[in-house]
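The values are calculated or read from the model by the stated rules, or taken from the named source; none is laboratory data. Since we're looking at a predicted model, the values are computed, not measured. With ideal geometry, Cβ positions are generated from the backbone for all residues, glycine too; neighbour counts draw on all protein chains shown. In case anyone asks, the SASA skips ligands and DNA or RNA and just uses the protein heavy atoms, side chains included. Shrake-Rupley method; radii C 1.70, N 1.55, O 1.52, S 1.80 Å.
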Amino acid sequence: MSAAGSKVLCWKKGMLLKQVFALSRAATPRESRLCAAGGALVSCHRQYRSRPTHGIGKYKHLLPKEVPKRKKDKVQMKEINVGTKHEYGDVNIQMTSYDMCLVEHFAQYVHKLCNQFSIRVSESYAMPTKTDEVLFLEERGSKMQLDAVLTTHQRVIQVSGLSSTFAPILLEIIQSNQPEGVHLLVKEHTEADFKSRLKARPELEELLAQMS
């Protein structure tokens, strides 16, 4: 190769490097990269950066709309059903025991029995647990010592519309299946029974008494 040919090649390479340098400085941020393919310079333009994402990565629109929470209304006592000559009104079947499992299973049995005989069960609930302490006095002493702690569990099943002719049959079936250690009481529902389910607030009662 002659010296003139080598000078022409060097001159072309220098011009090419100057063009590449000028293009790299004049390119925008989106066209900062240059791709060389087959010796030709091609600018890589990122079209997706200028397009909207159309909610990519957003998920809140997929969730169900939240319903605003309502404030809990005050518990109000329902009107007590007095009954008629042929039917009892609201009747409470109370079961009390020191064994929680025993009284719970017996309450479930009574509930299922009422459903089998098509007796309408208005409510089925548990009363607050009561704790009693058993103290004893020593023979030669004056101080009382703790002997045992008894926890009383109570379940109530309230029925209504019980026929006066079928009531003795139902009570006989319940008493025949009453387990040992469970106390059974059947009585009419009263306002005092409803208030016993609520938590006592002595401070509020004192303020109301002072205002009145």
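Would you mind classifying segment 77-212 by shape? Square roots of the alpha carbon gyration tensor eigenvalues, ordered a ≥ b ≥ c; an a/c under 1.5 is rounded, otherwise it is prolate if a/b is larger than b/c and oblate if not.
Details: a/c = 2.78, a/b = 1.36, b/c = 2.05.
Here segment 77-212 falls in the oblate category.
Accessible surface of M15 in the full protein assembly, 1.4 angstrom probe, to the nearest 10 Å²?
80
Count neighbours as other Cβ atoms within 10 Å of each site's Cβ, and list the GluC sites (Glu not before Pro) in segment 156-202 that are DSSP loop with at most 11 such neighbours.
Values: sites: E172, E180, E188, E191; in loops: E180.
Loop-located and lightly packed - E180.
In nm, to one decimal, how far is the modelled label at I169 from the one at M144, with both set 7 Å along Cα→Cβ?
5.0
What list of ³J(HN,Hα) couplings, whole Hz, do you get for segment 169-181 from phi and the Karplus terms 6.51, -1.76, 1.60, once you set θ to phi - 60° and write x for glycine and proline?
Residue by residue, segment 169-181 yields 5, 5, 5, 5, 5, 5, 5, 5, 9, 6, x, 5, x Hz.
Compare Y98, Y88, Y109 by solvent-accessible area with a 1.4 Å probe and give them largest first, with all protein chains kept in place. Could the numbers behind the result be given before it?
Working: Y98 140, Y88 100, Y109 80 Å².
Heavy-atom accessible area, descending, gives Y98, Y88, Y109.
Where a Cα-Cα gap under 14 Å defines reach, which aspartates and glutamates qualify for K78, not counting those fewer than 8 residues away within the same chain?
Correct list for K78: D90, E123, E191, D193.
Might you work out the accessible area of F136 for me, using a 1.4 Å probe with all protein chains in place, and round it to the nearest 10 Å²?
About 80 Å², ignoring ligands and nucleic acids.
Just reorder T151, T165 by solvent-accessible area, largest first, 1.4 Å probe, all chains present. List each step's numbers first, then the result.
Details: T151 50, T165 105 Å².
Solvent-accessible surface, decreasing: T165, T151.
Got a number for carbon plus sulfur as a percent of segment 72-165's accessible area, 1.4 Å probe?
On the way: 3430 of 6800 Å².
Accessible surface attributable to carbon and sulfur in segment 72-165 totals 50 percent.
Tell me whether segment 108-153 comes out rounded, prolate or oblate; compute the Cα gyration tensor, take square roots of the eigenvalues as a ≥ b ≥ c, and use a/c under 1.5 as the rounded threshold. Working shown, then result.
On the way: a/c = 7.34, a/b = 4.43, b/c = 1.66.
It is prolate, given that a/c is not under 1.5 and a/b is the larger ratio.
With a cut-off of at most 16 other beta carbons within 10 Å, and DSSP calling the residue loop, which trypsin sites (Lys or Arg not before Pro) in segment 111-212 qualify? Please list them. Numbers along the way, then the final one.
Working: sites: K112, R120, K130, R140, K143, R155, K187, K195, R197, K199; in loops: R140, K143, R197, K199.
Passing sites in segment 111-212 are R140, K143, R197, K199.
Just to make sure I understand: if all protein chains stay in place, what is the order of D193, D132 by accessible area at 1.4 Å, largest first?
Details: D193 20, D132 80 Å².
Order by accessible area, largest first: D132, D193.
So for the pair L184, M211, with labels modelled 7 Å out along Cα→Cβ, what separation do we get in nm?
Rounded to a tenth, the inter-label distance reads 4.6 nm.
Cα-Cα over 27 Å: which of K69/K187; K69/K112; K65/K195; K85/K130; K71/K195; K112/K187?
On the way: K69/K187 38 Å; K69/K112 35 Å; K65/K195 38 Å; K85/K130 37 Å; K71/K195 22 Å; K112/K187 20 Å.
Check vs 27 Å cut-off fails for K69/K187; K69/K112; K65/K195; K85/K130.
I'd like the accessible area for H111, computed on protein heavy atoms only with a 1.4 Å probe and all protein chains in place. Round to 10 Å², please.
Approximately 60 Å² for this residue.
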